[in-house]
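The next block holds one structure in the form of structure tokens; read it before the comments.
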Amino acid sequence: MSIISLININYTYPLEEKQTIHSLSLDLEKGCVYGLTGANESGKTTICNIIRGFIPELYKGELTGEVMIKGKNINDYNIGDLATIIGYSFQNPFTQLSGVKDTVYEEIAYGMENIGVPRSKMIQKVDEIVKMFQLEDLIDKNPFELSGGQKQRVAIASVVALDPEIIILDEPTSQLDPKSTEDIFEIIQLLKKQGKTILLVEHKVDLLAAYCDEILLISRGELVMQGPVKEILSNPKVVEYGGQLPQVALYFIKKAKANGSSVSQVPLTVQEVYDHLNKDGEV
Amino acid sequence: MKRGIKHDFSLLALLLIPVGVSLNVVGYQLSTILKLPVFIDQIGTIMVSMIAGPWIGLLAGLLGNVVNGMLNPIAIGFSIVSVSVGLVSGYFSKWRFYTNIFGIIIACVLLTIVQAFSAAIVTVFLFGGVTGAGTDLITATFLATGRELWNSVVSTNLISGAVNTIINFGISWLIIRKVPDRFLIKLNYGAPYIKKEVNVNG
Amino acid sequence: MDSRIGNLYPSSKFTFIILIILLSMLVPGFIFQYMIFLFIFLISLFSGTAIKFLSTFMKSIPILILFIFIFQVFLIVNEDSQQIWAFIHFSQIGLMTSLTMTSKIVAISSSIIWFFQVTRVKDIIYALEQSGVSQKVTFVIASTIQLIPQMLNLSRTIADAQKSRGIETEGTLFVRMKAFIPMIGPLVLSSIQQIEERVLALESRAFSSKAKKTSIYELRKQKIDYIIVIFCILVLIVYIVWRIKL
């Protein structure tokens, strides 16, 4: 059974004539890391909001089709309790703070307070999260005084503190510097090791290539490609749909085409390039 | 759409309260920086009541005065004024007064009266006709011409109330016209201010 | 705030100022009420907030009191008013009214100022939560307190930016009025966009969960807190009984 299933979803935002999502169906399996990519405005965030139930509850508009979370229709869940099943973190580090807590330590606990976790358990969990996200130096600081990268880490930490099985990260690194981006991806790897199912919206295909199991490509509100990273990110069609391919892949595709060989084996990451060249005896 | 005291407190509407209160504070500060003769300190209350209704408006007004009261307890006494303004303005929005010029004029006149009388009650009964602000000079002038206290205070408040209402409402109205439709539609009282029926191609 | 008084449970301090407010309204005359000011000043000394207390008090209260005296004694015409010059009179009744009124204002406002200076907002919110006040209410209070300083900062940034873009903030009244919109408009629109996103962020932290909330911050009532509350209630009862018997 898939942990998340969307069945024939159509959605139109209120006040708009054009549909944003058209007959979209997809299945996500437990424990996998999915990279959701596609051009700007193609509907990636809309899909995340549908999975989390924010659409239509908070956005209104017209939604048809079925959203199944762990085999149960999303309408059977309470929007507040879904937070413990699906963690959701966003692009903008500045609007993800609760705005009611004056230390990072309490900020991380906020979600658990809302679901009524007993205090002693809460302290235990916060300590665990602080360690996992390496926030030891920040716990006594006011969340508003942190840098963008630190805020983003705290935001994700606060969501993970609720121990959701599924984690949606909507462009978590788009406003961050390279070092902070790396930190976030390290965390993604840790979460994967814990068996979390992760849906990651990201433009940086090089990172998707390195960290994801599968790629979902969205174009104009439709799911146009889905499959293992190797298969999708070496397929030149991705570019036609407005997606991006890793720089190295583009180079090797060109080379493969010139040689007349198959493109399905092109390397996508630096490590793979190294192995590839090694195999050909070029290093 | 369900509206009323049980349905108006959506999270989005709740989050508007701090914004409204802060706007009142910022408005007050800006009026001092720009050396304006009146204090534009109710923009937040009026704006919030227009798009989020009477109860959220009432709370924004109340909280604003309580927060000010931490530094100046006199403000707590005047809570009743902002509470009435928020509540009444919210009802005017509910009854769609703010969608046409006649409605706006009537609403502003009534808001001025509400503001003037509630302020006069507090001023006369709690503070002996005084507010500690510049408008006391106007009251003093009325007193000097031989008018009674109540009469003088109400007159002063009608004058300052009219100026305040027009400015506070005018600015709120201008700002709301710039608020995106997609935001207004999420609020229980935002519908009258949506600019287009249907927005083609987003 | 780290003083002994700062660390008391908020409701103990609240009961105390309620007692003071009630007594200032019940006790006739004005001497008791004016003494309250001195008393609060002494407690402020003990709480380590005396200077802050005086400066806050001086900013708003004395001018109000001065005006009340001017109005009541010299301007308002009472039965016993005697003309001094043109519209200026002197009234004994007005003097008495001023004294009783201003003494109450002084007593009540000084106790409120003291309360907020020795009680952390965080503690007030915790105490409200514990006493069963709705989470929505405490959330709004907490987030207002956090937002105001940020909005003030942001407004300063916007004001500077608009000034450098040539918006005039000096000149005739009309020019200055016109400057208001470009300064406050962007502030509102950016905060509105932010709260749209914050709704999602808060829901992701289970804001709408129906569960009974807990708190990682903890503030315990101590023996002294119970003693203060009982003492305040006793004082009030004794005073009322004494007044009735009189």
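The values are calculated or read from the model by the stated rules, or taken from the named source; none is laboratory data. This is a predicted model, so every value here is computed, not measured. Positions of Cβ are generated from backbone atoms using ideal geometry, with glycine treated the same way; all protein chains shown enter the neighbour counts. Ligands, DNA and RNA are stripped out before the accessible areas are found, and what is left, the full protein with its side chains, is counted by its heavy atoms. Shrake-Rupley method; radii C 1.70, N 1.55, O 1.52, S 1.80 Å.
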Which condition number does C:Pro28 fail, the rest of (1) touching a helix residue (DSSP H, G or I) at 6+ places or on another chain (Cβ under 7 Å); (2) not in a helix (DSSP H, G or I) being met? (1)
From B:Gly90, B:Gly64, B:Gly53, B:Gly57, residue being touching a Pro at 6+ places or on another chain (Cβ under 7 Å) and either at pLDDT below 95 or surrounded by 22 or more Cβ atoms within 10 Å (Cβ to Cβ) (or both): B:Gly90
The range A:225-237 - residue that is under 19 Å from the mean Cα position of the chain (by Cα) and not in a strand (DSSP E or B) and, of those, farthest from A:Lys257 (Cα to Cα): A:Val229
Show the residue pairs that are 6+ apart or on different chains and have beta-carbon atoms under 7 Å apart, the first residue being within the range A:192-216 and in a loop (DSSP other than H, G, I, E, B), the second being open to solvent by 50 Å² or more (accessible area, probe 1.4 Å) and acidic (Asp, Glu). A:Lys196/A:Glu165
When both residues are 6+ apart or on different chains and their Cβ atoms are under 9 Å apart, which pairs have a first residue that lies in the range C:43-69 and is under 16 Å from B:Leu137 (Cα atoms) and within 9 Å of chain B (Cβ to nearest Cβ), and a second that is surrounded by fewer than 20 Cβ atoms within 10 Å (Cβ to Cβ) and among the hydroxyl-bearing types (Ser, Thr, Tyr)? C:Ile68/C:Thr97
(1) polar (S, T, N, Q); (2) away from chain C (no Cβ under 14 Å); (3) surrounded by 19 or more Cβ atoms within 10 Å (Cβ to Cβ): which one isn't true of B:Ser155, the others all being true? (3)
Those residues of the range C:180-225 which are more than 8 Å from chain A (Cβ to nearest Cβ), closer than 25 Å to C:Gly6 by Cβ and either in contact (Cβ under 8 Å) with a residue 12 or more places away in the chain or more than 30 Å from the chain's Cα centre (by Cα) (or both), in sequence order: C:Leu219, C:Arg220, C:Lys221, C:Gln222, C:Ile224, C:Asp225
Residues of the range C:1-25 satisfying the condition of being assigned to a helix (DSSP H, G or I) and open to solvent by 70 Å² or more (accessible area, probe 1.4 Å): C:Phe14, C:Met25
Need a quick list: helices (runs of 4 or more DSSP H) entirely within the range B:88-201 having at least 2 residues that are within 18 Å of C:Ile192 (Cβ to Cβ). B:149-176, B:181-184
Is it the case that some residue within the range A:44-52 is in a strand (DSSP E or B) and surrounded by 15 or more Cβ atoms within 10 Å (Cβ to Cβ)? no
Filter the range C:115-153 down to the residues that are facing another protein chain (nearest Cβ under 10 Å), surrounded by fewer than 18 Cβ atoms within 10 Å (Cβ to Cβ) and in contact (Cβ under 8 Å) with a residue 24 or more places away in the chain and list them by number. C:Arg120, C:Val121, C:Gln135
Residue count, the range A:89-121 (criterion: within 15 Å of C:Val199 (Cα to Cα), among the β-branched types (Val, Ile, Thr) and either open to solvent by 10 Å² or more (accessible area, probe 1.4 Å) or modelled with pLDDT of 95 or more (or both)): 1
Complete set of residues in the range B:2-33 that are open to solvent by 10 Å² or more (accessible area, probe 1.4 Å), more than 7 Å from every other protein chain (Cβ to nearest Cβ) and assigned to a loop (DSSP other than H, G, I, E, B): B:Lys2, B:Arg3, B:Gly4, B:Ile5, B:Lys6, B:His7, B:Ser10
Residues that are surrounded by fewer than 17 Cβ atoms within 10 Å (Cβ to Cβ) and more than 24 Å from A:Gln194 (Cβ to Cβ), drawn from the range A:31-43: A:Ala39, A:Asn40, A:Glu41
Of all residues in the range A:53-88, which are over 22 Å from A:Glu222 (Cβ atoms), assigned to a strand (DSSP E or B) and charged (D, E, K, R)? A:Lys72
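Regarding B:Leu36, is this residue within 7 Å of chain C (Cβ to nearest Cβ) and of a type in the set (A, V, I, L, M)? Don't jump to the end; show me each part of the working.
Numbers: within 7 Å of chain C (Cβ to nearest Cβ): yes; of a type in the set (A, V, I, L, M): yes.
Yes.
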What are the pairs with Cβ atoms under 7 angstrom where one residue, in the range A:34-59, is within 11 Å of chain C (Cβ to nearest Cβ) and touching a residue at least 40 places away in the same chain (Cβ under 8 Å) and the other, located anywhere, is outside any helix (DSSP H, G or I) and open to solvent by 10 Å² or more (accessible area, probe 1.4 Å)? Sequence gap at least six, or different chains. A:Ile55/A:Gly61; A:Ile55/A:Leu63; A:Tyr59/A:Tyr13
Within the range C:30-60, residues out of contact with any Ser or Thr (no Cβ under 7 Å at 6 or more places or on another chain) and not hydrophobic (A, V, I, L, M, F, W, C) come out as C:Ser44, C:Thr49, C:Lys52, C:Ser55, C:Thr56, C:Lys59, C:Ser60
Filter result for C:Ser110 (crowded, with 19+ Cβ neighbours inside 10 Å and not aliphatic (A, V, I, L, M)): yes
If we ask which residues in the range B:110-126 are surrounded by fewer than 22 Cβ atoms within 10 Å (Cβ to Cβ) and over 13 Å from the mean Cα position of the chain (by Cα), their number turns out to be 6
Residue that is more than 7 Å from chain C (Cβ to nearest Cβ) and within 24 Å of A:Ile3 (Cβ to Cβ), where the choices are A:Ile129, A:Ile115: A:Ile129
So which of A:Ile74, A:Ile79, A:Ile86, A:Ile69 ends up being crowded, with 24+ Cβ neighbours inside 10 Å and either more than 10 Å from chain C (Cβ to nearest Cβ) or within 21 Å of the chain's Cα centre (by Cα) (or both)? A:Ile86
